[in-house]
Amino acid sequence: MGKDSKARNQKGKLLTFIPTGEYYFSKGLKAYHRRDFYKAKKYLQRAMQLEPGEPMIVCQLAIVHAEIGENQEANRLLHLILEELDEEMVECHYFLANNYAHLGFFKDAYHHAKLYMELDEDGEFLEDTEELLELLTLEADELDDELYEQDDLITKQEEARELLESGHFPKAVELLNAVIDEYPEYWSAYNNLALAYFYLGEVDKASDVLLKVFEENPGNLHALCNKLVFAYYEGDYKEVRLLKDALKKIKPLSIEHQYKLGATFALIGEYEMAYGWLRRLQKFGFDGDGPFYYWLSYSAFYTGKEAIAKSTWKKAIELNPDKAGFEPWNEERVTINGFEDHISSIQKKLESDYMEERLFALFLTSVSSKKEDLLDSAGIKKNRKFSQLEKDYLSFVQSENQTNYTSTAHDIAGLLYKNYRPVGTVEASLYLMWFSVFVEMVKAGQPIKNPNGYAGAVTYTWHKLRNDKVSQTEVAENFGISTSTLRKYIQTLNDYLH
């Protein structure tokens, strides 16, 4: 009886079995090789829960997601590996290239395929990657006709971007509206048009454009970022907080979207988030433009990474020499951070097809620390677009002691400059409004008297168009006029605003 009891006790002893991540990983691999992908996915997800930091498990799960057509989730996991778990696991670039190709993102596919070949010259997937690159090239050849048709679109979009960056907002609006008429679903043009309207001070039009994007292309990241920028400039801090919190939760796969997020966060002073996105792109071989390195340098500097900020700034200056003097560590940058010291921006305005922009450029010349260089430039000396009005204004700017019809217009711009300097992208719309009104008044033969009255009227109208909270009493006191005088000149101004 004792022996039987002992035997029963031995047979009844339970052995504790605690499955590990390796156990489920092994089962997931077996299911994968049987091509039972849904069971493989289940096992690998369990393995990842048990060992979330193991890149091999995450990579295999990404491969399974791709097999069942869940390419976006696969890419999310592959980016997770490269960004947080093991940046040296370069085969992830090969898998990303395949997934992006399946999604139709050929530019991103090409980027990751080339990056894989550069990082692993003797890699396991080298031949496959070469074949993929050939396919991507063939795909591009098949799309040649479509790409040829879009060459004009790309050229116009690039031209519009340059116009925006240099402050040529009316011309940008004209060009972008033409693009939208021809390509009504080209959302990038809508987003740039919204920016152009906003910088012109036409806030309602800018909001209407964004609303159309949200209605017809819900979740458009560029539109969300632009909405955040608008709220930031308008001082709508509640809206800024809501949009900022929403955008922080977004983890885009597209390189373009990551860049847009990083630049937007940098612009509103969220440097930690900005640095995270922009530095990540740089680590993965992204060859950015001037603004990319500009914002990366700023976000690096304000997060305490001065060495990276200074090395990045060298690249920013190489791509855009006019940024010299605007280093984030330059304590004097606040006093020069405006169009008045951007020679190339002023020169572009001098070449504008719009008289108000050329007049604005001459005013910027008059207050620029580089005035003599500008006056001696071909853009002024050999400018064939100058009307007699502009020649008179140039003569005034050169001598500063003769009086003519343009001197009063200059005095009004000077009063604005006392309150709104340096002249940044937002402030530029204030001056453009004034010079647009001035051109219309000249055409109508309207005499210009009381500079303070007109300066106050332009200031008040500009703020109201931007939906800023400003009172007539406040503006009138600032310019030393009565509120009744201010109202009189506001009415006169409105007669010449289109």
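The values are calculated or read from the model by the stated rules, or taken from the named source; none is laboratory data. Please read all numbers here as calculations on a predicted model, not as lab measurements. So basically every Cβ, Gly included, is an ideal-geometry build from the backbone, and we count neighbours across all protein chains shown. Heads up: the accessible areas ignore ligands, DNA and RNA and are worked out on the full protein's heavy atoms, side chains in. Shrake-Rupley method; radii C 1.70, N 1.55, O 1.52, S 1.80 Å.
Calculate the all-directions average of the projected area of the stretch 356-498's alpha-carbon convex hull, and give it in nm².
Over every viewing direction, the Cα hull of the stretch 356-498 projects on average to 8.6 nm².
Based on Cβ point charges of +1 for Lys and Arg and -1 for Asp and Glu, what charge dipole magnitude is obtained for the chain about its Cα centre, in debye rounded to the nearest 20?
The dipole of the chain has a size of about 2540 debye.
Express the C-alpha Rg of the stretch 21-145 as a ratio against the empirical globular expectation 2.2 N^0.38 Å, rounded to two decimals.
1.10
Just subtract the alpha-carbon distance of Thr473 and Glu272 from 0.36 nm times their residue separation and send over the number in nm, one decimal.
68.3 nm
Could you grab the relative contact order for the chain? Cα pairs under 8 Å, six or more apart, rounded to a whole percent.
Contact order relative to length: 8 percent.
Explain nothing, just compute: Karplus ³J(HN,Hα) = 6.51 cos²θ - 1.76 cosθ + 1.60, θ = phi - 60°, for every residue of the stretch 185-196 in order, whole Hz, x for Gly and Pro.
Once θ is set to phi - 60°, the couplings for the stretch 185-196 become 10, 8, 5, 4, 5, 4, 5, 5, 5, 4, 4, 4 Hz.
Quick one: Karplus J couplings for the stretch 269-283, per residue in order, coefficients 6.51, -1.76, 1.60, θ = phi - 60°, nearest Hz, x for Gly and Pro?
x, 8, 6, 4, 5, 4, 4, x, 6, 6, 5, 4, 4, 5, 4
How far is helix 290-301 tilted off the main Cα axis of the chain, in degrees rounded to 10, range 0 to 90?
Taking the Cα atoms of the chain, the angle to 290-301 is about 70 degrees.
Report the one residue of Tyr43, Asn99, Ala109 whose Cα lies farthest in the direction of the positive end of the charge dipole of the stretch 21-145 (charges on C-beta: Lys and Arg +1, Asp and Glu -1; origin at the Cα centre).
Looking along the dipole axis, the top candidate is Tyr43.
Return the Cα extents of the stretch 200-277 along principal axes one, two and three, sorted largest first, each rounded to a whole Å.
Its Cα atoms span 33, 27, 21 Å along the three principal axes.
Rounding to the nearest 20 debye, state how big the charge dipole of the stretch 21-145 is about its Cα centre with +1 on each Lys and Arg Cβ and -1 on each Asp and Glu Cβ.
1260 debye
Given the pairs Lys349/Lys381; Lys205/Lys349; Lys323/Lys370, which are separated by over 18 angstrom at their Cα positions?
Where the Cα-Cα span goes over 18 Å, the pairs concerned are Lys205/Lys349.
Distance in nm between label sites at Arg421 and Met89, each 7 Å beyond Cα in the beta-carbon direction?
Each label point is offset 7 Å from its Cα along the Cβ direction, giving 5.7 nm.
With Rg and Dmax of the Cα atoms in Å in mind, check (i) 30.1, 127; (ii) 21.9, 69; (iii) 23.4, 77 and report the label derived from this structure.
Calculated Rg and Dmax of the Cα atoms in Å: the matching label is (i).
In whole Hz, what ³J(HN,Hα) sequence does the stretch 476-482 give by Karplus (6.51, -1.76, 1.60; θ = phi - 60°), x for Gly and Pro?
Along the stretch 476-482, the couplings run 4, 5, 4, 9, x, 10, 7 Hz.
Taking the Cβ of Ser299 as the center, what net charge do the other residues with Cβ under 11 Å away carry, scoring Lys and Arg +1 and Asp and Glu -1?
Charge balance in the 11 Å sphere: 0.
Can you give the FRET efficiency for Ser399 and Asp289, using 1/(1 + (r/R0)^6), R0 = 41 Å, r = Cβ-Cβ distance, to the nearest 0.05?
Approximately 0.50, to the nearest 0.05.
By how many degrees, between 0 and 90 and to the nearest 10, does the Cα long axis of helix 255-267 differ from the longest principal axis of the chain?
Orientation of helix 255-267: about 50 degrees from the principal axis.
Would you mind getting the accessible area per residue of the chain, heavy atoms of the protein chains only, 1.4 Å probe, in Å²?
Accessible surface, normalised per residue, equals 52 Å².
Going by alpha carbons, how many degrees (0 to 90, nearest 10) lie between the helix axis of 106-119 and the longest principal axis of the chain?
60 degrees
Rounded to the nearest 0.05, what FRET efficiency do Glu22 and Lys314 have when you use their Cβ-Cβ distance and R0 = 45 Å?
Between Glu22 and Lys314 the formula returns 0.45.
Glu70's amide H: which non-local residues (gap 5+, or another chain) put their own amide H closer than 5 Å, with H modeled 1.01 Å from N in plane and none for Pro or chain starts?
It is none; the list stays empty.
On the protein heavy atoms, probe 1.4 angstrom, tell me the percent of accessible surface of the chain carried by carbon and sulfur.
Roughly 49 percent, rounded to a whole number.
Suppose only helical runs count, i.e. DSSP H with n ≥ 4. What mean residue ellipticity at 222 nm does that imply for the chain under -39500 (n - 2.57) per run, divided by all residues and rounded to the nearest 500 deg cm²/dmol?
For the chain, the value works out to -23000 deg cm²/dmol.
Using the structure shown, select from Lys39/Lys107; Lys260/Lys315; Lys260/Lys310 the pairs with a Cα to Cα distance greater than 28 angstrom.
Beyond 28 Å: Lys39/Lys107.
By per-residue mean of other Cβ atoms within 10 Å, what is the highest-first order of 373-386, 256-269?
Per-residue mean Cβ counts within 10 Å order the peptides as 256-269, 373-386.
For the stretch 398-474, what number of Lys pairs, 8 or more residues apart or on separate chains, have alpha-carbon atoms under 25 Å from each other?
Qualifying lysine pairs in the stretch 398-474: 4.
For the stretch 21-145, what does the relative contact order come out to in percent, with C-alpha contacts under 8 Å and a separation of six or more?
Computed value for the stretch 21-145: 15 percent relative contact order.
If you put +1 on each Lys and Arg Cβ and -1 on each Asp and Glu Cβ, how big is the dipole of the stretch 267-360 around its Cα centre, in Debye rounded to 20?
500 debye
With unit charges on the beta carbons (Lys and Arg positive, Asp and Glu negative) and the dipole taken about the Cα centre of the chain, which residue among Asn467, Ile255, Ser297 sits farthest to the positive side?
Farthest along the dipole direction, towards plus: Asn467.
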